[in-house]
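J.: Dropping the structure in here first, questions after.
Every read-out reported here was derived from the displayed coordinates using simple, explicitly stated rules and does not represent laboratory data. Bear in mind the structure is a predicted one, so any value in this text is a computation, not a measurement. Virtual Cβ from ideal backbone geometry, glycine too; neighbours counted across all protein chains shown.
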Amino acid sequence: MNIEEKDPAAAIRRAGKHLGHFHACGSDRGTPGNDHQDWKSIAAALKAIRYQGDVVIESFTSDVKAIARAASIWRKMEPTRNEIASKGITFLRKLLDR
C-alpha cells in the first residue's frame, strides 16, 4: 500500500469493512516502524474501521537474489532477516495494542 497509495490511512478508510487483510511493511519494503510511514494515522484508520483481521509483515531481503531483483531490493534493511520480523512485530503490537 505504501508504494501505490499516496495516503494509506485514507485508503484504509475507503476500503472500510471490505479490507480483507493488511500487509504491513516499512519504506522500501523494510521493517515497520523503522521508516518514514505515518504509522499513527494508519493505526487510527484501522481502528476507525474496526479492523480485526490479521496484520502481516510483508518484507523482502537481498538473500534470495531472484526475489530481490523482482522486488528491487538492493540493500539490507536489517542485519538479519529475522530482525525484520522481530522488530516489526514488536512495533506493530505496541502500535495496534495487540
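J.: Using the 10 angstrom Cβ neighbour count as an exposure proxy, how do 84, 57 rank, fewest first? The partial results should precede the final answer.
T.: Details: 84 24, 57 18.
So the ranking, lowest neighbour count to highest, is 57, 84.
J.: For residue 57, enumerate residues with amide H under 5 Å from its amide H, sequence gap 5+ or separate chain, H modeled in the peptide plane.
T.: Placed amide hydrogens put 24 under 5 Å from residue 57.
J.: Projected onto the charge dipole of the stretch 8-96 (+1 at Lys/Arg Cβ, -1 at Asp/Glu Cβ, origin at the Cα centre), which of 62, 96, 45 gives the Cα projection farthest towards the positive end?
T.: 45
J.: Do me a favour and compute the ellipsoid semi-axes for the stretch 1-58 from its Cα gyration tensor, root of five times each eigenvalue, largest one first, whole Å.
T.: Over the Cα atoms of the stretch 1-58, the semi-axes work out to 18, 12, 10 Å.
J.: Under a straight-distance cross-link criterion of Cα-Cα below 19 Å, which lysines are reachable from residue 65, leaving out those fewer than 8 residues away in the same chain?
T.: Output for residue 65: 76.
J.: Could you list 29, 14 so that the one with the fewest beta carbons within 10 Å of its beta carbon is first and the one with the most is last? Intermediate values should be presented prior to the final figure.
T.: Numbers: 29 18, 14 13.
Neighbour counts put them in this order, fewest first: 14, 29.
J.: At most 15 other Cβ atoms within 10 Å and a DSSP loop assignment: could you name the chymotrypsin sites (Phe, Trp or Tyr not before Pro) in the stretch 29-98 that fit?
T.: When the chymotrypsin sites (Phe, Trp or Tyr not before Pro) of the stretch 29-98 are filtered for loop state and at most 15 Cβ neighbours within 10 Å, 74 remain.
J.: Tilt of helix 39-48 relative to the longest C-alpha principal axis of the chain, in degrees (0 to 90, nearest 10)?
T.: Helix 39-48 sits at roughly 40 degrees to that axis.
J.: Taking every pair of alpha-carbon atoms in the chain, give the share separated by more than 23 Å as a whole percent.
T.: For the chain, the share of Cα pairs beyond 23 Å comes to 25 percent.
J.: Let me ask something else about it. When only Cα pairs under 8 Å and 6 or more residues apart are kept, what is the percent relative contact order across the chain? Provide the component values of the computation, followed by the final result.
T.: Values: 114 pairs, mean separation 28.8, N = 98.
So the answer I get is 29 percent.
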